[in-house]
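Visitor: Supplied in structure tokens, the structure appears directly below.
The values are calculated or read from the model by the stated rules, or taken from the named source; none is laboratory data. Remember, it's a predicted structure, so these values are computed and weren't measured experimentally. Cβ atoms come from the backbone with ideal geometry, glycine included; neighbour counts cover every protein chain shown.
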Amino acid sequence: MLKRIFSAVLCCAAVTATTSAQAQTPTQELKMSTTLSEAGQWTLMAAPLTLHFSDINRDADSTDEKHKYVWLVGAEKMVTDKYFAGAAFFSNSFGQPTQYVYVGAKFRPWDERPKFFAKISAGVIHGYKPPYDKKIPINTSSGWGLGVIPSIGWDFNDQFAAQLNVLGAAGLMLQMNATVK
């Protein structure tokens with residue numbers, strides 16, 4: 001089932017990317033052709049550090065235990081210069097193995113700061129199971145839910161970057177990215 005979902009997500013990203021590429025003006029095409037293309041690049045990622053806004057898990061069924069250590073590994077592919085698709089595997093704040101399959105968009109909002117970027121991703125999350133199934137807004141008791149993750153980041157060079165993921169009202173995650181060429 002996860003394979004079907006990932007295939008559908010990739011198809012949606014490709015259709016969206018094709019539609020937006022056709023709507024470009026000649027000036028936009030010229031600007032894009034003078035910069036290095038990110039389309040087709042793979043990025044490997046790891047997140048070794050997550051800061052929770054609260055150190056304590058205040059769930060109705062908990063005994064005020066501390067959050068567990070959170071880590072993440074994953075990969076994403078730039079489908080075009082703006083749109084990407086990816087998958088991540090992580091241990092959530094409650095020690096449960098969790099997966100996130102997503103699509104998203106990457107923006108470079110300031111021409112004078114070309115190394116700065118902003119990203120937003122949305123996709124299917126699996127792994128937040130009882131008693132923590134209510135910890136993400138759209139989730140089922142079997143652990144299937146939807147997620148949206150905004151982030152900002154900085155390219156150190158054309159191979160390495162760091163980004164800060166906003167995890168709703170729960171916390172921030174520092175992620176390191178390595179682009180494979």
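Visitor: Say we look at segment 138-181 and pick out the residues that are under 17 Å from the mean Cα position of the chain (by Cα) and not in a strand (DSSP E or B); which of these is surrounded by the most Cβ atoms within 10 Å (Cβ to Cβ)?
Guide: Ala170
Visitor: Return the pairs, sorted by first residue and then second, in which the second residue is in a loop (DSSP other than H, G, I, E, B), the first residue lies in segment 109-129 and is among the aliphatic types (A, V, I, L, M), the beta carbons are less than 7 Å apart, and the residues are 6+ apart or on different chains.
Guide: Within 7 Å, the pairs are Ala118/Pro109; Ile125/Ile136.
Visitor: In addition: Are there any pairs, at least 6 apart or on different chains, whose C-beta atoms fall under 6 Å, with the first in segment 143-157 and without any contact (Cβ under 8 Å) to a residue 60 or more places away in the chain and the second of a type in the set (D, E, K, R), and if so, which?
Guide: Partner pairs satisfying both residue conditions: Gly143/Lys129; Ser151/Lys119; Trp154/Lys115; Asp155/Lys115.
Visitor: Right, next: State whether one or more residues within segment 165-181 are in contact with a Leu (Cβ under 8 Å, 6 or more places away or on another chain), free of Cβ contacts under 8 Å to residues at least 60 places away in the same chain, over 23 Å from Leu49 (Cα atoms) and not polar (S, T, N, Q).
Guide: No: zero hits.
Visitor: State which residue pairs qualify: first residue on the phi > 0 side of the Ramachandran plot and inside segment 61-75, second residue modelled with pLDDT under 80 and of a type in the set (Lys, Arg) in any location, beta carbons under 8 Å apart, and separation of 6 or more residues or different chains.
Guide: Once the first residue is on the phi > 0 side of the Ramachandran plot and sits in segment 61-75, its partners that are modelled with pLDDT under 80 and of a type in the set (Lys, Arg) give Asp64/Arg58.
Visitor: Can you tell which of Val103, Val70, Val79, Val9 is surrounded by 14 or more Cβ atoms within 10 Å (Cβ to Cβ), within 16 Å of the chain's Cα centre (by Cα) and modelled with pLDDT under 75?
Guide: Unique residue meeting the criteria: Val9.
Visitor: Could I ask something else about it? Which condition number does Ala122 fail, the rest of (1) touching a strand residue (DSSP E or B) at 6+ places or on another chain (Cβ under 8 Å); (2) under 24 Å from Leu36 (Cα atoms); (3) surrounded by fewer than 17 Cβ atoms within 10 Å (Cβ to Cβ); (4) not β-branched (Val, Ile, Thr) being met?
Guide: (2)
Visitor: Look at Asn92 and say whether it is at pLDDT 90 or above, more than 24 Å from Ala39 (Cα to Cα) and surrounded by 15 or more Cβ atoms within 10 Å (Cβ to Cβ).
Guide: In short, yes.
Visitor: Shifting gears a bit: Being part of a loop (DSSP other than H, G, I, E, B) and over 13 Å from Gly168 (Cβ atoms) is the filter; apply it to segment 114-133 and report the residue that is nearest to the chain's Cα centre (by Cα).
Guide: So, considering only residues that are part of a loop (DSSP other than H, G, I, E, B) and over 13 Å from Gly168 (Cβ atoms), the one nearest to the chain's Cα centre (by Cα) is Gly127.
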